[in-house]
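Below is one structure; the comments refer to it alone.
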Amino acid sequence: MGTLAEEQGHHPDIRFGWGYAEITVFTHAIGGLSKNDFILAARIDRL
């Protein structure tokens, strides 16, 4: 997932805990979500 995010130029926040992984994708430059954020999220889901 880290390699995929780097290839896409994204730097998501990743949090791990017992039995879960939480990934937050956000474009700080626009203060919200962009189309590319949704594309990255879909690609992460496929992993």
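Derivation of every value follows stated rules applied to the coordinates shown; laboratory data play no part. As the structure is a computational prediction, the values presented were derived from the model and not from experiment.
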If one takes the longest principal axis of the Cα atoms in the chain, at what angle in degrees, from 0 to 90 and to the nearest 10, does the Cα axis of helix 35-46 lie? 20
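Rounded to a whole number of µm²/s, how large is the Stokes-Einstein D of the chain at 20 °C and 1.002 mPa s, given Rh as the Kirkwood radius over C-alpha pairs? Intermediate results must be reported in sequence, preceding the final value.
Working: Rh = 11.2 Å.
This corresponds to a translational diffusion coefficient of 192 µm²/s.
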Before anything else, pin down the relative contact order of the chain: Cα pairs under 8 Å, at least 6 apart, normalised by residue count, whole percent. 30
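Please give the length that would be gained between residue 43 and residue 4 if that part of the chain were fully extended, namely 0.36 nm times their separation in residues minus their C-alpha to C-alpha distance (nm, one decimal).
Details: separation 39, 0.36 × 39 = 14.04 nm, distance 0.82 nm.
Length difference between fully extended and current span is 13.2 nm.
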